[in-house]
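Q: I'd like to ask some things about the structure below.
The values are calculated or read from the model by the stated rules, or taken from the named source; none is laboratory data. Keep in mind that what you see is a predicted model, and the values were worked out from it rather than measured. Cβ coordinates were reconstructed from backbone atoms using ideal geometry, including for glycine residues, and neighbour counts include every protein chain displayed. Just so you know, the surface numbers come from the protein's heavy atoms only, side chains and all, with ligands and any DNA or RNA stripped out. Shrake-Rupley method; radii C 1.70, N 1.55, O 1.52, S 1.80 Å.
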Amino acid sequence: MKLGVNVPNFGPGTDPERLRGWAQTVEGLGFDLLMVSDHVAVTPDVAEQYPAPFYEPFTTLSWLAGVTHRVRLGTTVLVVPYRHPLLVARMAANLDRLSGGRLVLGVGVGWARQEFEALGVPFERRGSLTDEYLQVLRSAWNDADDYRSGQIPLWVGGSSDAALRRAVLLGDAWHPLRFTMSWLDEAVERLRTTAAAEGRPTPALAPRIVLRLTAEPLTERRAGEGTIDQVMADLEHLRRLGAESVLLDPYLGDPDETYRPETAWQALATVAAHQKEHP
């Protein structure tokens, strides 16, 4: 099972050198994947969770590709309706080629109504637009020489029934975000049922979990929260569920965290050390 890290590409403490530090730390600790988030217009609803500055993901990943060598690079998640699908197809194909085939494209429908309004995209159609655009994306990669790329994995986010069906029909993996383990156990069964109903194979599981280490065990918690033993048990549970990749998200919601990434880096180092001891 591969382990990755969600790197904050936003917040008052984030600048090019800090992003470089994140990338080199993630790669240096031996993680397999580095992913960043996506917003285009930092409207008030976005700023409540992801304050400015917000570095655009394709631009950021292109720059980070030049300061890393091995780690894969991706989005968690690209809001599909925000951009013309042929533009996304070209940017993704170019980034994949320039990085040596390291791109993973995580995608979703989006949630920030004010941002949709600012971009002139109908919020109520975000699901159907995502389905349409993902089909265009795959067709562009398959049919046109100047768009064609290697096999860029498409990880489909979301937890609704529509999102599960989208993952089955259009994705290579399902990419749920920040959950309790009991919820995921039930959701994986829903995913398998959906795949069977569509006559399709069940997509791979590639979840994103919180990373919050505590000194004492927690009883009420999300996956990835608690002592290092609890977190490692969660990773083993995910492995048994069939997860091929797991993304660790050490950002806990306080924008001031972006000034002091060393706390997150230490938590990641602890996980990496335990992973090496118990591969």
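Q: Please tell me if VAL77 is out of contact with any helix residue (DSSP H, G or I) (no Cβ under 7 Å at 6 or more places or on another chain), closer than 23 Å to GLY253 by Cα and part of a loop (DSSP other than H, G, I, E, B).
A: Criteria not met by VAL77.
Q: Out of the residues in segment 12-26 meeting the condition of being surrounded by fewer than 19 Cβ atoms within 10 Å (Cβ to Cβ) and touching a residue at least 40 places away in the same chain (Cβ under 8 Å), tell me which one is farthest from ALA118 (Cα to Cα).
A: GLN24
Q: Keeping to segment 41-65, report how many residues are without any contact (Cβ under 8 Å) to a residue 24 or more places away in the chain, part of a helix (DSSP H, G or I) and either of a type outside the set (S, T, N, Q) or buried (at least 18 other Cβ atoms within 10 Å of the Cβ) (or both).
A: Residues that pass the stated criteria total 1.
Q: Is it the case that some residue within segment 237-253 is modelled with pLDDT of 95 or more and over 24 Å from TRP155 (Cα atoms)?
A: No, that holds for no residue.
Q: Just give me the residues in segment 100-119 being within 19 Å of GLY157 (Cβ to Cβ) and within 18 Å of the chain's Cα centre (by Cα), in sequence order.
A: Result: LEU103, VAL104, LEU105, GLY106, VAL107, GLY108, VAL109, GLY110, TRP111, ALA112.
Q: Restricting the first residue to segment 78-89 and requiring it to be modelled with pLDDT of 95 or more, which pairs with a second residue that is among the hydroxyl-bearing types (Ser, Thr, Tyr) and in a helix (DSSP H, G or I) meet a Cβ separation below 7 Å and a spacing of at least six or different chains?
A: Going by the 7 Å Cβ cut-off, the qualifying pairs are VAL80/THR130; VAL80/TYR133; PRO81/THR130; PRO81/TYR133; PRO85/TYR133.
Q: Shifting gears a bit: Within the set of pairs 6+ apart or on separate chains, which have a first residue in segment 130-153 that is farther than 20 Å from ARG72 by Cα and of a type in the set (Gly, Ala, Ser), a second that is modelled with pLDDT of 90 or more and not in a helix (DSSP H, G or I), and C-beta atoms under 7 Å apart?
A: Every condition considered, no pair remains.
Q: Also, I was wondering about something else. What number goes with the only condition from (1) over 15 Å from the mean Cα position of the chain (by Cα); (2) β-branched (Val, Ile, Thr); (3) open to solvent by 10 Å² or more (accessible area, probe 1.4 Å) that THR68 does not pass?
A: For THR68, the exception is condition (3).
Q: Would you point out which residue out of ARG208, ARG222, ARG200, ARG190 is basic (Lys, Arg) and either touching a Pro at 6+ places or on another chain (Cβ under 7 Å) or touching a residue at least 60 places away in the same chain (Cβ under 8 Å) (or both)?
A: Only one candidate passes the filter, namely ARG208.
Q: For segment 33-40, indicate whether the set of residues that are part of a loop (DSSP other than H, G, I, E, B), touching an Asp or Glu at 6+ places or on another chain (Cβ under 8 Å) and free of Cβ contacts under 8 Å to residues at least 40 places away in the same chain is non-empty.
A: Scanning segment 33-40 turns up no residue that is part of a loop (DSSP other than H, G, I, E, B), touching an Asp or Glu at 6+ places or on another chain (Cβ under 8 Å) and free of Cβ contacts under 8 Å to residues at least 40 places away in the same chain.
Q: If you take the residues of segment 243-273 that are open to solvent by 40 Å² or more (accessible area, probe 1.4 Å) and of a type in the set (Gly, Ala, Ser), which of them is farthest from MET35 (Cα to Cα)? Even if it seems obvious, please write down each step before you answer.
A: In the first step, residues of segment 243-273 are kept if they are open to solvent by 40 Å² or more (accessible area, probe 1.4 Å); the result is 244, 252-257, 259-260, 262-263, 265-266, 273.
Applying the additional criterion that residues be of a type in the set (Gly, Ala, Ser) yields 253, 273.
Working: GLY253: 17, ALA273: 21 Å.
This residue is ALA273.
Q: Got a number for residues in segment 225-260 being in a helix (DSSP H, G or I), touching a residue at least 60 places away in the same chain (Cβ under 8 Å) and over 25 Å from PRO16 (Cα atoms)?
A: Selection size over segment 225-260: 3.
Q: If you scan segment 73-99, which residues turn out to be farther than 22 Å from GLY158 by Cα, of a type outside the set (S, T, N, Q) and either out of contact with any Lys or Arg (no Cβ under 8 Å at 6 or more places or on another chain) or open to solvent by 20 Å² or more (accessible area, probe 1.4 Å) (or both)?
A: LEU86, LEU87, ARG90, MET91, LEU95, ARG97, LEU98
Q: Another question about this same structure. What pairs come up if the first residue lies in segment 91-106 and is assigned to a loop (DSSP other than H, G, I, E, B), the second is small (Gly, Ala, Ser), and their beta carbons are under 6 Å apart, counting only those six or more places apart or on different chains?
A: The qualifying pairs are SER99/ALA65; GLY101/GLY150.
Q: A follow-up question, please. So ARG102 passes all but one of these: (1) among the charged types (D, E, K, R); (2) over 26 Å from ALA47 (Cβ atoms); (3) open to solvent by less than 10 Å² (accessible area, probe 1.4 Å). Which condition number does it fail?
A: ARG102 satisfies every listed condition except (3).
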